[in-house]
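Here the structure comes first, spelled out in structure tokens, and everything after it is commentary.
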Amino acid sequence: MIEQPEHIRAIPGYKPGKSTVDGWDGPIHKLSSNENPYPPLPSVIDAMSESIGHMHRYPNMAAPQLTQMLADRYGVAPGNIAFGGGSVEVAAQLIRAFAGAGDEVMYAWRSFEAYPILTRSAGATAVQVPLTPDLHHDLPAMLAAITERTRVIFICTPNNPTGTVVGHDELHAFIAQVPQRILVVVDEAYVHFQDDPGAARGIDLFREFENVAVLHTFSKAYGLAGLRLGYAVVRDDVMDGLRKVAMPFAVTDIAQAAGVASLNAEAELQARVDTLVAERARVTTALLEAGWPVTPSQANFVWLQLDDRTDTVQAQLASRGIIARPFSGDGIRISIGDPSANDAMLSALGNYTAK
Ligand SMILES: Cc1ncc(COP(=O)(O)O)c(C=O)c1O
């Protein structure tokens, strides 16, 4: 038996979204992982196919074309774009590079399930600051929780799993009060689904503050979750740390080609995002009308705060082939799928009945 060191033993295992349901042989609707329900565009598949022919070579770690396109888009230097195999891998790099044993990594809770895992596997201490009763980041409480050991703060906006956003002005005022030695990571995995004009704009904050990094992904709006492509926009000093801890060759040439093709097909992809945002509004209205405690969301999922009813409602959904993401005792996150999946989900839920 090979013993795990104490800091690894303490890590709760990551639970990926399920994709099967025992005892149900009807259609399955996987609404558990905030994936885009639409498959890659033909132009993106073509670009990936073309790059397959040189898979005997390692990828170009500099990802030059993709880097340049993103740098142009954000008006930053190419040296400010750091890639990883999914933005979760870039988040891991940020933690590994800037926090170690004895250091604290802070984030709101509940938030993205990977934060505690990444923090603890780096040997750092997780500081989880509860969301407000209306499920928003409690920035005053986060400020109050800063200590001399705080090294990294994650702000997940829109927040996974609640779908709530942090206001731009509010986040600006927060960062202005955070000591500059602390890295503030604005995790915008779901930013493309955001239509609240007052919501935080991470890139603007990156331009203004030297201690801000922004995380983006091709997994959600761009529909490339299976390919693993994410990036951070970071300052030179942060990049220097990331380079030291990055997994070499984590971003394949196929992923780079798909990223470039996706940026070239943005109008088509935006139409899909618009559809999902419209579906989010339709689903939210239907759930509210049926009496469900649904939180208004700015992401591609909705959150039902069900507390001790979570397991019962989860079983009800599963019995109709709907795979959602339950957090026992807390609530259920349901991804927005295509209209037929959403209809199936609404029909499985029916009307909310109080206990
Ligand atoms: C808030 C947040 N950040 C980052 C990620 C990681 O996405 P990926 O690694 O697919 O880019 C996710 C995925 O669910 C997420 O919810």
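The values are calculated or read from the model by the stated rules, or taken from the named source; none is laboratory data. Here the structure is a predicted model, which is why all the values come from computation and not from measurement. We place every Cβ from the backbone using ideal geometry, glycine too, and count neighbours over all the protein chains shown. These accessible areas exclude ligands, DNA and RNA; they are computed on the full protein's heavy atoms, side chains included. Shrake-Rupley method; radii C 1.70, N 1.55, O 1.52, S 1.80 Å.
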Report task. Please enumerate the residues belonging to the stretch 71-97 that are open to solvent by less than 30 Å² (accessible area, probe 1.4 Å), more than 14 Å from the ligand (Cβ to nearest atom) and assigned to a helix (DSSP H, G or I). Result -> 71, 74, 80
Query raised in the report: In this structure, does residue 275 turn out to be within 21 Å of the chain's Cα centre (by Cα) and either open to solvent by 20 Å² or more (accessible area, probe 1.4 Å) or not aliphatic (A, V, I, L, M) (or both)?
Result: yes
Query raised in the report: Given (1) within 26 Å of residue 337 (Cα to Cα); (2) in contact (Cβ under 8 Å) with a residue 40 or more places away in the chain, where does residue 201 come up short, assuming only one miss?
Result: (2)
Query raised in the report: Taking interchain pairs and intrachain pairs at least six residues apart, which have beta carbon atoms under 6 angstrom, with the first residue in the stretch 110-121 and in the same structural domain as residue 149 (by TED's automatic domain parsing) and more than 9 Å from the ligand (Cβ to nearest atom) and the second hydroxyl-bearing (Ser, Thr, Tyr) and not in a helix (DSSP H, G or I)?
Result: 117/14
Query - Residue, modelled with the lowest pLDDT, within the stretch 8-30, restricted to residues that are open to solvent by 80 Å² or more (accessible area, probe 1.4 Å) and within 15 Å of residue 119 (Cα to Cα) - result: 14
